[in-house]
Structures are given as structure tokens and as C-alpha cells.
Amino acid sequence: MKTDNTIILEGLNDDLAHEYQAVVMYNTFAATLVGPNRKELEDFFRSEIPDELRHAEFLGNKITALGGRPTTRIAEVPTPKDTRGMLEEVLKAETQTIERYTQRREQAEQLGDLALVNDLEEIISDEAKHKEQTAKMLRGDWQSVPAG
Ligand SMILES: [Fe+2]
Ligand SMILES: [Fe+2]
């Protein structure tokens, strides 16, 4: 039988695998862009990487603190054919990430780990910004998206 801790550890490790996925996705997309707006999109993709690495660092430490082992797994990275496909994959990934962290926040609340609830809310806020910036990019609103 699984304890509550086991369930949240499995979830946090899935979150970690997806943070690694995000880092690889942004780096790969930034390196392989072609066409108009290439520079703006490259800067945009690269600007997300420090946030995702910070989330991965937090998760590794938290998983260890809860008695687990941080995964080295990387969730599968999509391979879109063009720039619009990249933005659509990013939007999908950030949307799913917010859903995962919202579920994790509920689990943390059930465990009574209010510090984790607070930390997850900050991460959700970061991911919501990534999602909003990506949605703007998809509308072709290139100039209004801040680089950082
Ligand atoms: Fe993240
Ligand atoms: Fe993100």
C-alpha cells in the first residue's frame, strides 16, 4: 500500500522530469528556429530556461527532503516541424504543467505541508507567465513580450 508521501513523491518526480523536458525543449527550439522573427523567438525561448532550472533545483531538494530520490528521467520532448508548431507545443506543455502543479498543490494541502503549497503557488505563477507570453507570441504580438 502506498503512503500519502509516496504519492506526492511520485508526482514531484513527474514534475521534475517535465522541468528537464522544458529545459531541453526550449534549448532545442531556440537552436533550430528558422525564418522571420527567429531572433525574437530565440531570445524568448532562452529567457524561460533559468526559471525551469530553478524549478528543477527546488524539486530535487524537496524530493530529497521528503525522503525520495530525484529522478534523472526526461519526459519526451516534442519535435514540431515549424515555428508555429514549436509555439503550439510550448503552449500545450505550459498548460499541462500548470495542471500538474495545481494537482500537486492540492496534494500538498492534504498533507498539511503549507510551505510546499506556498512554493508551488510561486511556481504556478511562473508557469502562468510562460503560458501567457507564449499565447501572445502565437497571436504574433512579438514586440509586447518582455525578454525576461
Ligand atoms: Fe517550470
Ligand atoms: Fe514553464
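Some notes on this structure:
- Residue 11 satisfies every condition listed in (1) among the small types (Gly, Ala, Ser); (2) within 16 Å of ligand 2 (Cβ to nearest atom); (3) within 17 Å of residue 67 (Cβ to Cβ) except (2).
- Looking only at residues in the stretch 114-141 that are of a type in the set (A, V, I, L, M, F, W, C) and within 16 Å of ligand 2 (Cβ to nearest atom), the one that is farthest from residue 93 (Cα to Cα) is 120.
- Qualifying residues in the stretch 1-48 (those that are touching a Gly at 6+ places or on another chain (Cβ under 8 Å) and farther than 20 Å from residue 78 by Cα) - the one surrounded by the most Cβ atoms within 10 Å (Cβ to Cβ): 12
- Flag for residue 59 being crowded, with 17+ Cβ neighbours inside 10 Å, modelled with pLDDT under 95 and not charged (D, E, K, R): no
- Within the set 51, 43, the sole residue that is more than 11 Å from the chain's Cα centre (by Cα) and charged (D, E, K, R) turns out to be 43.
- Search result, residues across the stretch 81-120 that are within 20 Å of residue 21 (Cβ to Cβ), surrounded by 18 or more Cβ atoms within 10 Å (Cβ to Cβ) and small (Gly, Ala, Ser): 93
- Residues within the stretch 38-69 that are closer than 20 Å to residue 123 by Cβ and part of a helix (DSSP H, G or I), tallied: 22
- Filtering the stretch 91-142 to residues that are small (Gly, Ala, Ser) and not in a helix (DSSP H, G or I) leaves 112, 140.
- Matching residues, the stretch 1-50, being modelled with pLDDT of 95 or more and touching an Asp or Glu at 6+ places or on another chain (Cβ under 6 Å): 19, 22, 23, 26, 30
- Candidates in the stretch 90-116 are the residues that are among the charged types (D, E, K, R) and under 15 Å from residue 52 (Cα atoms); of these, the one that is nearest to ligand 1 (Cβ to nearest atom) is 94.
- Filter pass, residue 72 being within 16 Å of ligand 1 (Cβ to nearest atom), modelled with pLDDT of 95 or more and among the hydroxyl-bearing types (Ser, Thr, Tyr): no
- Taking the criterion of being surrounded by fewer than 16 Cβ atoms within 10 Å (Cβ to Cβ), within 21 Å of residue 119 (Cα to Cα) and among the hydroxyl-bearing types (Ser, Thr, Tyr), the only residue of the stretch 62-76 that qualifies is 64.
- Subset tally (residues that are within 16 Å of ligand 2 (Cβ to nearest atom) and in contact (Cβ under 8 Å) with a residue 24 or more places away in the chain) for the stretch 55-71: 4
The values are calculated or read from the model by the stated rules, or taken from the named source; none is laboratory data. Note that this is a predicted model, so its numbers are computed, not measured. So basically every Cβ, Gly included, is an ideal-geometry build from the backbone, and we count neighbours across all protein chains shown.
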